[in-house]
1. Sketch the reach of a paramagnetic label on THR256 as a point 7 Å from Cα along Cα-to-Cβ, and name the residues of segment 34-51 whose backbone nitrogen lies under 16 Å away.
2. Round to the nearest 0.05 the FRET efficiency obtained for ILE218 and ILE238 when R0 = 25 Å and r is the Cβ-Cβ distance.
3. R0 = 30 Å: FRET efficiency of VAL189 with ALA225, Cβ-based, nearest 0.05?
4. For a protection proxy built on the mean count of beta-carbon atoms within 10 angstrom, sort 188-197, 22-31 highest first, please.
5. Once ligands and nucleic acids are excluded and a 1.4 Å probe is used, how much of LEU139 is accessible, expressed in Å² to the nearest 10?
6. Could you report segment 142-220's accessible area per residue, 1.4 Å probe, as an integer in Å²?
Amino acid sequence: WRTVLTLAYQSLGVVYGDLSISPLYVFRSTFGEGIGHSNTNEEIFGVLSLVFWPVTLVPLVKYVFIVLKADDNGEGGTFALYSLLCRHAKVNSLPNCQLADEELSEYKKDSCGGGGSGVSSDRGFAFRLKSTLEKRKVLQKILLILALIGTCMVIGDGVITPALSVFSAISGFELSMSKENHAYVEVPVACIILVGLFALQHYGTHRIGFLFAPIVIIWLFCISAIGLYNIFFWNPQIYRALCPIYALRFIRKTQTGGWMALSGVLLSITGSEAMFA
């Protein structure tokens, strides 16, 4: 239990800070495409519904209940799954029955490469899929390309998300300075913070997690308290946005502007792949 609690505490600083910050600047920037407001607040309900349901379906339903169950002996990520496939089927160009794999006791695997009484004894869907992948070189290359693309997407998200989050945070200076000085403050300060954050990476994920976990906990507590206050003080009817019908109405009403806003809404689920990786 101590190990589980420690890992949960570290994950707050590594993963869930990203998940909790992303929807905030997305909600604000979604209205930047000329989408107006009406007296019924349907546009606000629609955008909030568009943000709420992807966050619910992708990180919660997809990753927590489905993807996190697909691991390689506790290792996650695209390459981990590709390595798992390579050990159960001959889908790579390198030997997949290596002595180093057999000597690792934590591998819960009856046979190497699917021989003997292992996977190949099952004549179901898994065996047919394994046989198809082993026979067709084209499918093996496609599988490798998909693994590389998936990894590149995770790396790309790992680069662009901190930049967006830090720049969005620095944008708060707009309230305390003149518009002429924004360009002289926002970009340099954001660059300094980003260089400092990436300079800390070589200390390891576990140390970074311990460093940022208390910051994220305070952040989540504060933003939750402010959110509850705003709900009860300004608009207690905002719970209606949980109905997906408002998202459909928003797309139907705004048409092209609503479809353009979907590209920004997609950024609200950045960080969910870090749960798996």
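1. Counting backbone N atoms under 16 Å from the label point, the list is 34-36.
2. Values: r = 24 Å, r/R0 = 0.98.
The formula returns an efficiency of 0.55 here.
3. Numbers: r = 27 Å, r/R0 = 0.90.
For VAL189 and ALA225, the calculated efficiency is 0.65.
4. Working: 188-197: 13.6, 22-31: 18.6.
Ranked from most to least packed, the peptides come out as 22-31, 188-197.
5. Here the residue's solvent-accessible area equals roughly 60 Å².
6. Details: 5260 Å² over 79 residues.
Averaged over the residues of segment 142-220, the accessible area is 67 Å².
The values are calculated or read from the model by the stated rules, or taken from the named source; none is laboratory data. All values reported here derive from a predicted model rather than from experimental measurement. Counting neighbours? That spans all protein chains shown, and the Cβs are built from the backbone with ideal geometry, glycine included. Surface areas here come from the heavy atoms of the whole protein model, side chains and all, with no ligands, DNA or RNA. Shrake-Rupley method; radii C 1.70, N 1.55, O 1.52, S 1.80 Å.
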